[in-house]
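Asker: This is the structure I want to talk about, given as structure tokens.
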Amino acid sequence: MNNSPIGIYDSGLGGLTVWREVRRALPGESIVYLGDGKHCPYGSRPREEIARLADRAVAALVDRGCKMIVVACNTATAAAIDLLREKYAPMPIVGMEPAVKPACIATRSGVVGVLATERSLDGALFRRTAARYGEGIEVVAVPGTGFVELVESDRESTPEAEACVRRAVAPMLRAGADQIVLGCTHYPFLLSLIERVVAGHDVSIIDPSPAVARRVVQLLDRFDLRAEPGRRADLSFLTFADESYRLRLEQKAMASLG
Ligand code: DGL
């Protein structure tokens, strides 16, 4: 038993899509969410800079006494997960896996689309995963240019957002993709828009966040880290930006629980 919080980190608001799933799966666990905010978006920054930012964020969560860390950011996972696991061992650190495997298993057309940030798509983690599971399958990877900025500025339901999504998804639909993987934790906030854009195309959208929450549950059990039953879970929010950003994190998180 361990009543310390689980730490969840992202460049900004995106990791709240993972926070929501962890919260639903583990209502008895305290969670500290850190949304950097000051350096968001990470997606086209140099890998070394992202690794430094991720290290600083994980150090802040470790300082808060977290018992486990979830790097709820595909870009930071791609840039730094090995370094973080080594530096903070034996702390269990869960990263984001691009959900290429379930998409490759589910595809009937043999074409899978992957939306992610520039830095995630040119990283070794994505290349390895695509090579491992994508044999004989065409993987159409497209950066979600502008997606993170749209989510960060609450412009998910604007004509501009629709134009951005149409532009990114068009090459996938042209190639005959029947699975589209959301490879960035900000993108599920654009889910209803993406669904509208692909309507009539028989496409499934894959959001890996429920699978990440299942992994967190598994690791809590494996390391015997569950909180004592009956304790009140504490939910807190941190940022490297300002207090108004911290409040936005909190409000968006609570609104996401529905
Ligand atoms: N939410 C992040 C991800 O999953 C990063 C987005 C960004 O800051 O560019 O990749």
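Each reported figure results from applying straightforward, stated rules to the coordinates on display, with no laboratory input. Predicted model only: the values in this text are computed from it and were never measured. Because the Cβ atoms are built from the backbone with ideal geometry, glycine has one as well, and the counts that use them run over all protein chains shown.
Asker: How large is ³J(HN,Hα) for each residue in region 128-133, as worked out from phi by the Karplus curve 6.51 cos²θ - 1.76 cosθ + 1.60 (θ = phi - 60°), to whole Hz, x for Gly and Pro?
Answerer: 4, 5, 5, 5, 5, 9
Asker: Here is a follow-up. Quick one: grab the alpha carbon gyration tensor of region 203-250, order the square roots of its eigenvalues as a ≥ b ≥ c, and give me rounded if a/c is under 1.5, else prolate or oblate depending on whether a/b is larger than b/c. Don't skip to the answer; put the middle values down first.
Answerer: Numbers: a/c = 2.65, a/b = 1.16, b/c = 2.29.
Taking the square roots of the gyration eigenvalues as a ≥ b ≥ c, region 203-250 is oblate.
Asker: Starting from region 160-258, pick out the trypsin sites (Lys or Arg not before Pro) whose DSSP state is loop and whose Cβ has at most 15 other Cβ atoms within 10 Å.
Answerer: Taking region 160-258 and a limit of 15 other Cβ atoms within 10 Å, the loop trypsin sites (Lys or Arg not before Pro) found are 231, 232.
Asker: Shifting gears a bit: In sequence order, what are the phi-derived ³J(HN,Hα) couplings for region 78-90 according to the Karplus relation 6.51 cos²θ - 1.76 cosθ + 1.60 with θ = phi - 60°, rounded to whole Hz, with x for glycine and proline?
Answerer: 4, 7, 9, 4, 5, 4, 5, 5, 5, 5, 9, 4, x
Asker: GNM on the chain, C-alpha springs below 10 Å: top fluctuator among 129, 17, 117?
Answerer: The residue that fluctuates most here is 129.
Asker: Let me ask something additional. Taking 28 Å as the cut-off for C-alpha to C-alpha distance, list the pairs among 67/252; 101/252; 38/252 that go past it.
Answerer: Violating the 28 Å Cα-Cα cut-off are 101/252.
Asker: Find which of 40, 9, 140 sits farthest along the positive direction of the dipole of the chain, computed with +1 on the beta-carbon of Lys and Arg, -1 on that of Asp and Glu, about the Cα centre.
Answerer: 9
Asker: Using only Cα atoms, find the angle between the long axis of helix 47-63 and the longest principal axis of the chain, and express it within 0 to 90 degrees, rounded to the nearest 10.
Answerer: Tilt relative to the chain: about 30 degrees.
Asker: Let me ask you something else. Would you please give the residues with an amide H less than 5 Å from that of residue 73, counting only those at least 5 places away or on a separate chain, with H modeled from the backbone geometry?
Answerer: Result for residue 73 returns 96.
Asker: Let me ask you something else. Determine the shape class of region 155-258: with a ≥ b ≥ c the square roots of the Cα gyration tensor eigenvalues, call it rounded for a/c under 1.5, and otherwise prolate if a/b is greater than b/c, oblate otherwise.
Answerer: Judged from the Cα gyration tensor, region 155-258 comes out oblate (a/c at least 1.5, b/c at or above a/b).
Asker: So, one more: If you average the sequence gap of Cα pairs under 8 Å that are 6 or more apart and divide by the length of the chain, what percent do you get for the contact order?
Answerer: Reported relative contact order: 30 percent.
Asker: Now a separate question. If r is the Cβ-Cβ distance from residue 255 to residue 135 and R0 is 30 Å, what FRET efficiency results, to the nearest 0.05?
Answerer: Approximately 0.15, to the nearest 0.05.
Asker: Between residue 105 and residue 219, what is the FRET efficiency for a Förster distance of 30 Å, r being their Cβ-Cβ separation, to the nearest 0.05? Mind dumping the intermediate values first?
Answerer: Numbers: r = 23 Å, r/R0 = 0.78.
Calculated transfer efficiency: 0.80.
Asker: Another question, if that's okay. Near the amide H of residue 181, under 5 Å away, which other amide H atoms are found, from residues 5 or more places off or on another chain, if H is placed in the peptide plane?
Answerer: Excluding prolines and chain starts, which carry no amide H, the hits are 113, 114, 115, 206.
Asker: In nm, to one decimal, how far is the modelled label at residue 44 from the one at residue 211, with both set 7 Å along Cα→Cβ?
Answerer: With each label point 7 Å from Cα toward Cβ, the separation is 2.9 nm.
Asker: Separate question: Build a GNM of the chain with springs between Cα atoms under 10 Å: which of 124, 89, 51 gets the top mean-square fluctuation?
Answerer: Looking only at 124, 89, 51, the biggest GNM fluctuation is shown by 89.
Asker: Skipping prolines and chain starts, which residues have an amide H placed within reach, meaning under 5 Å, of the one on residue 99, given they are 5 or more residues away or on another chain?
Answerer: Excluding prolines and chain starts, which carry no amide H, there are no hits.
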